[in-house]
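The values are calculated or read from the model by the stated rules, or taken from the named source; none is laboratory data. The structure presented is a predicted model; accordingly, all values stated were derived computationally and were not measured. Virtual Cβ from ideal backbone geometry, glycine too; neighbours counted across all protein chains shown.
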Amino acid sequence: MAITSLIGGFLLIPFHEFGHVVCDWITGHPAAMSYARDYLLSGGKTPFLGLLGGPLFPLLLSAISIICIYRGTQLSVFYPLAVLGTLERLLLYISGSTPSDERDLARALAWPAASFKYIFLSAELLLLALILLSLFKFKFGIGRSILIFVVPAAAFVVCASFGVFVVDRFVFPHQHQLEFGLVAPILDIFSRRGPLVVHSRHQETMTDYLFAYGTLQPGRLRDVFAAHWAGQRAPRRRM
């Protein structure tokens, strides 16, 4: 279970991006990806299905894994995958964030901004409930049941952090700079050197990840970002 959790935790963010890329190509929009960012080769606007693919792929992974669990197939492999598939967005939702994919999907349909957040959250809670029920089916003890959730979650935090801040930074430096352009201007916010420029929809999502994982202090910085964006936020540019 530990090995699957480590591998799955490292690949979960790229799997999300892979979902965007596959759906972009399906709609006739050639796309590519780094470890933590997808982008259209034309530089145009991401289509609706392309936006949907990112959050949807991990949910499909979790659903398929749960089917395998109930069939009693390779439990040490599919339990971590099932848990990881639900955690991919759940950590952001619990932090109170509405990731940019969900906002853009809602905007495309002229729905309230948090609509897709609650749709995906409902799906994740349903999948988590099925995972919990399976623990009773196989009569796992409390200790092992806790490990089934804790090990994948811990592996995700550690491996995804390594992937984003080491692999993505040094293997895909240009895409990493575009992705994390929001993090660098934090000092500019405090020193009032200039306005914050948001280069892509992904930067807000990655900042949400940083809040969710405790890298940034949510209380003060979230208020600073809110005040800054309200008065100085530059128009969003698609890269």
Among residues of the range 1-44 being aromatic (Phe, Trp, Tyr) and surrounded by 21 or more Cβ atoms within 10 Å (Cβ to Cβ), the residue modelled with the highest pLDDT is Tyr35
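Scan the helices (runs of 4 or more DSSP H) fully inside the range 128-227 and keep the ones with 1 or more residues being under 30 Å from Ile67 (Cα atoms) and modelled with pLDDT of 50 or more. Show your work before the answer.
Numbers: elements: 142-162, 168-171, 173-179, 186-191, 201-212.
Helices (runs of 4 or more DSSP H) meeting the threshold: 142-162.
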Look through Tyr79, Tyr39 and report the one residue that is part of a strand (DSSP E or B), over 12 Å from the mean Cα position of the chain (by Cα) and closer than 25 Å to Ser161 by Cα.
-> Tyr39
List pairs: first in the range 123-151 and over 20 Å from Gly72 (Cβ atoms), second among the acidic types (Asp, Glu) and surrounded by 13 or more Cβ atoms within 10 Å (Cβ to Cβ), Cβ under 9 Å, 6+ apart or cross-chain?
-> Glu124/Glu88
If you scan the range 88-130, which residues turn out to be closer than 20 Å to Cys159 by Cα, of a type in the set (A, V, I, L, M) and in contact with a Pro (Cβ under 7 Å, 6 or more places away or on another chain)?
-> Leu92
Condition broken by Cys68, with the remaining ones in (1) in a helix (DSSP H, G or I); (2) farther than 30 Å from Leu132 by Cβ satisfied = (2)
Considering (1) surrounded by fewer than 24 Cβ atoms within 10 Å (Cβ to Cβ); (2) at pLDDT below 95; (3) under 30 Å from Ala32 (Cα atoms), say which one Thr86 fails and leave the rest.
-> (1)
Might you check whether a residue that is within 16 Å of Phe149 (Cα to Cα), surrounded by fewer than 16 Cβ atoms within 10 Å (Cβ to Cβ) and at pLDDT below 95 occurs anywhere in the range 61-80?
-> yes
Among the candidates Leu125, Leu121, Leu135, Leu105, which residue alone is buried (at least 17 other Cβ atoms within 10 Å of the Cβ), closer than 20 Å to Pro80 by Cβ and out of contact with any Asp or Glu (no Cβ under 8 Å at 6 or more places or on another chain)?
-> Leu135
Residue check, Tyr39 against (1) closer than 22 Å to Leu133 by Cα; (2) touching a strand residue (DSSP E or B) at 6+ places or on another chain (Cβ under 7 Å), all met but one. Which one?
-> (1)
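Answer yes or no as to whether Leu92 is modelled with pLDDT under 95, over 20 Å from Ile66 (Cα atoms) and assigned to a helix (DSSP H, G or I).
On the way: modelled with pLDDT under 95: yes; over 20 Å from Ile66 (Cα atoms): yes; assigned to a helix (DSSP H, G or I): yes.
Against the criterion (modelled with pLDDT under 95, over 20 Å from Ile66 (Cα atoms) and assigned to a helix (DSSP H, G or I)), Leu92 qualifies.
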Residue hits (the range 12-25; in contact with a Leu (Cβ under 9 Å, 6 or more places away or on another chain) and not aromatic (Phe, Trp, Tyr)) are Leu12, Gly19, His20, Cys23, Asp24
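If only one of Gly43, Gly19 is in contact (Cβ under 8 Å) with a residue 12 or more places away in the chain and either over 19 Å from Glu102 (Cβ atoms) or of a type in the set (Lys, Arg) (or both), which one is it?
Details: Gly19 fails: either over 19 Å from Glu102 (Cβ atoms) or of a type in the set (Lys, Arg) (or both).
Of Gly43, Gly19, the one residue that is in contact (Cβ under 8 Å) with a residue 12 or more places away in the chain and either over 19 Å from Glu102 (Cβ atoms) or of a type in the set (Lys, Arg) (or both) is Gly43.
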Phe57 versus (1) within 26 Å of Pro152 (Cβ to Cβ); (2) touching a strand residue (DSSP E or B) at 6+ places or on another chain (Cβ under 9 Å); (3) buried (at least 20 other Cβ atoms within 10 Å of the Cβ): which is the lone unmet condition?
-> (2)
